[in-house]
Structure formats: structure tokens, C-alpha cells
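Asker: I have a structure here, written as C-alpha cells, and I will follow up with some questions on it.
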Amino acid sequence: MNSALNARLKKIKLLVMDVDGVLTDGKIVVDAQGKELKFFDVQDGFGLVLLRQAGIKTAILSARSSPAVAARAEDLKIDKICQDAYPKSDVYARLIREFGLMDEKVCFVADDLPDLAVLKRVGLAVAVSNAVAEVKKAAHYITACRGGDGAVREVVELILKAQGKWKNILARTG
């Protein structure tokens, strides 16, 4: 890991995530009754639990609204859920004011064009490996994992390792 990335990781106090394409694989499944289904990665979820236990806040920033997202966020005890967040930059500005944080203390994980304005503001801009080219270009880091398939967990581990918190987590779990 390069020293510039490590320096950014050490400052993170809030992890903000898009949903479709980041916490999910981007597919939206609608059943015969019109109910939307989403598939979340269990390792991403456990990573978010570990992040919370390490004292780092979490938030969802999604332009869409979905009961499935609200249920998953509640299950994981996500600190703030911002759905119907469009434009995302306006909602993001309110979010960091609410948390009392500066941009440099925020990591945003994203995949598509509506995320660009926020990516350009945060201290650590992350694109999932299946993100569009413009998002990858704006990112400080591109995950090896795809959205919905361990990308969030990858970012969580990077943050916790850079901040020296990973060894304590391993000691508690192993």
C-alpha cells in the first residue's frame, strides 16, 4: 500500500456507501407482486459490524429508496440511512454537518455517475472494481472485489489495518 493511501485511510471516521452496485451487485430483482429484492454480501455486513465495534461510523447514501435497504441497514445498525438522496452532494453536505466531520475524515464507496460529486469531495474516494470508468478515474483506490461481492469488506479491512485496529479484532475473534 502506498503512503498517500495509508495516510488517507488513517483519517477515516465515517464510511459512506452507495447501495446498488456497491452493497449489492447492482441487479434489481422484482417479483411477480412488484416487491423489490436485493442481495447483500454477508462478509460486507460483518465488516460493517467490525467497523462499528472499532468506533467508526457508517452511512448509506442512495439516490433510490427501498424497504430492503432500510431493513438491512437496521439489521447492521448503520448510523445514518439517506435514501432518495438526489443530488447526492446536497445530502452528503448535510450528512457530514450532522456528524460534525470534515471531508478528509470521510470515505465514500461508489460505482456510478451520480456519485462523482461526492467522490470529488471526500478524503478517500473508493470505486468498486465494476464501477464505470469516470468513477474509477475519480477514485483514490479501486477495489479488487466487485460491488455486492466483498468490496465493502475489502475497504473496511484497509481502514482497520491502516488505523492499527485489525490485530485487536483478530485477537477478539480468534
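Asker: Please enumerate the residues belonging to region 52-65 that are of a type in the set (Ser, Thr, Tyr), surrounded by 15 or more Cβ atoms within 10 Å (Cβ to Cβ) and more than 11 Å from the chain's Cα centre (by Cα). So that I can check it myself, show each step before the final result.
Answerer: Restricting attention to region 52-65, the residues satisfying the condition of being of a type in the set (Ser, Thr, Tyr) are 58, 62, 65.
Narrowing further to those that are surrounded by 15 or more Cβ atoms within 10 Å (Cβ to Cβ): 58, 62.
Answer for region 52-65, where residues must be of a type in the set (Ser, Thr, Tyr), surrounded by 15 or more Cβ atoms within 10 Å (Cβ to Cβ) and more than 11 Å from the chain's Cα centre (by Cα): there is none.
Asker: I'm checking my understanding of the structure. Among residues of region 100-143 that are in contact with a strand residue (DSSP E or B) (Cβ under 9 Å, 6 or more places away or on another chain) and acidic (Asp, Glu), which one is nearest to Ile12 (Cα to Cα)?
Answerer: Residues of region 100-143 that are in contact with a strand residue (DSSP E or B) (Cβ under 9 Å, 6 or more places away or on another chain), as a first pass: 101, 104-111, 115-116, 118-119, 121-129, 131, 135-143.
Cutting the leftovers down to acidic (Asp, Glu) gives us 104, 111, 115.
Details: Glu104: 7, Asp111: 20, Asp115: 19 Å.
Per the criteria, the residue is Glu104.
Asker: Just to be sure before I move on: is Val16 in a strand (DSSP E or B), modelled with pLDDT of 95 or more, within 22 Å of Ile142 (Cα to Cα) and not basic (Lys, Arg) in the structure I sent?
Answerer: Values: in a strand (DSSP E or B): yes; modelled with pLDDT of 95 or more: yes; within 22 Å of Ile142 (Cα to Cα): yes; not basic (Lys, Arg): yes.
Answer is yes for this residue.
Asker: Still on this structure, please answer the following. Using the structure shown, decide if Lys88 is at pLDDT 95 or above, farther than 21 Å from Leu50 by Cα and of a type in the set (Lys, Arg).
Answerer: Yes, satisfied.
Asker: Need pairs with beta-carbon distance below 6 Å; first residue of a type in the set (Gly, Ala, Ser) and within region 69-81, second crowded, with 18+ Cβ neighbours inside 10 Å; sequence gap 6+ or separate chains.
Answerer: Ala73/Ile60; Ala73/Ile81
Asker: While we're on this one: Say we look at region 127-174 and pick out the residues that are assigned to a helix (DSSP H, G or I) and among the polar types (S, T, N, Q); which of these is surrounded by the most Cβ atoms within 10 Å (Cβ to Cβ)?
Answerer: Restricting attention to region 127-174, the residues satisfying the condition of being assigned to a helix (DSSP H, G or I) are 133-138, 151-162, 166-173.
Among the residues that remain, those that are also among the polar types (S, T, N, Q) are: 168, 173.
Details: Asn168: 12, Thr173: 8.
In this case the residue turns out to be Asn168.
Asker: Does at least one position in region 33-43 carry a residue that is within 23 Å of Ala162 (Cα to Cα), of a type outside the set (A, V, I, L, M, F, W, C), in a helix (DSSP H, G or I) and in contact with a helix residue (DSSP H, G or I) (Cβ under 9 Å, 6 or more places away or on another chain)?
Answerer: Within region 33-43 (the criterion being within 23 Å of Ala162 (Cα to Cα), of a type outside the set (A, V, I, L, M, F, W, C), in a helix (DSSP H, G or I) and in contact with a helix residue (DSSP H, G or I) (Cβ under 9 Å, 6 or more places away or on another chain)), the answer is yes, since at least one residue qualifies.
Asker: Is it the case, given these coordinates, that Ser66 is polar (S, T, N, Q) and under 18 Å from Ala125 (Cα atoms)?
Answerer: Working: polar (S, T, N, Q): yes; under 18 Å from Ala125 (Cα atoms): no.
When the stated conditions are applied, Ser66 does not pass them.
Asker: Follow-up question, since we're still on this one. Among the candidates Gly150, Gly164, single out the residue that is within 23 Å of Val49 (Cβ to Cβ), in contact (Cβ under 8 Å) with a residue 12 or more places away in the chain and of a type in the set (Gly, Ala, Ser).
Answerer: Checking each option against the conditions leaves just Gly150.
Asker: Against the condition modelled with pLDDT of 95 or more, within 19 Å of Ala139 (Cα to Cα), out of contact with any Leu (no Cβ under 9 Å at 6 or more places or on another chain) and of a type outside the set (D, E, K, R), how does Val22 come out, does it pass? Walk me through how you get there before you give the answer.
Answerer: Values: modelled with pLDDT of 95 or more: yes; within 19 Å of Ala139 (Cα to Cα): yes; out of contact with any Leu (no Cβ under 9 Å at 6 or more places or on another chain): yes; of a type outside the set (D, E, K, R): yes.
Judged against the criteria, Val22 is a match.
Asker: Inside region 29-51, can you point out the residues that are out of contact with any Leu (no Cβ under 8 Å at 6 or more places or on another chain) and surrounded by fewer than 19 Cβ atoms within 10 Å (Cβ to Cβ)?
Answerer: Those that are out of contact with any Leu (no Cβ under 8 Å at 6 or more places or on another chain) and surrounded by fewer than 19 Cβ atoms within 10 Å (Cβ to Cβ): Ala32, Gln33, Gly34, Lys35, Glu36, Leu37, Phe39, Val42, Gln43, Phe46.
Asker: Here's a check for you: in region 44-66, which residue that is aliphatic (A, V, I, L, M) and part of a loop (DSSP other than H, G, I, E, B) is farthest from Val155 (Cα to Cα)?
Answerer: Initially, region 44-66 is screened for residues aliphatic (A, V, I, L, M), giving 48-51, 54, 56, 59-61, 63.
Checking the rest, the ones that are also part of a loop (DSSP other than H, G, I, E, B) come to 54, 56, 63.
On the way: Ala54: 14, Ile56: 13, Ala63: 22 Å.
Among them, the one singled out is Ala63.
Asker: If you don't mind, there's one more thing I want to ask. I need the full set of residues from region 83-100 which are outside any helix (DSSP H, G or I) and either among the β-branched types (Val, Ile, Thr) or surrounded by 17 or more Cβ atoms within 10 Å (Cβ to Cβ) (or both), in order please.
Answerer: Taking region 83-100 as the starting set, the residues that turn out to be outside any helix (DSSP H, G or I) are 83-87, 100.
Hits for region 83-100 are Gln83, Ala85.
Asker: Scan region 54-64 and tell me whether some residue there is of a type in the set (Ser, Thr, Tyr) and at pLDDT below 95.
Answerer: no
The values are calculated or read from the model by the stated rules, or taken from the named source; none is laboratory data. Just so it is clear, the model here is predicted, and its values are computed rather than measured. All Cβ positions, even for glycine, are placed from backbone atoms using ideal geometry, and neighbour counts span all protein chains on display.
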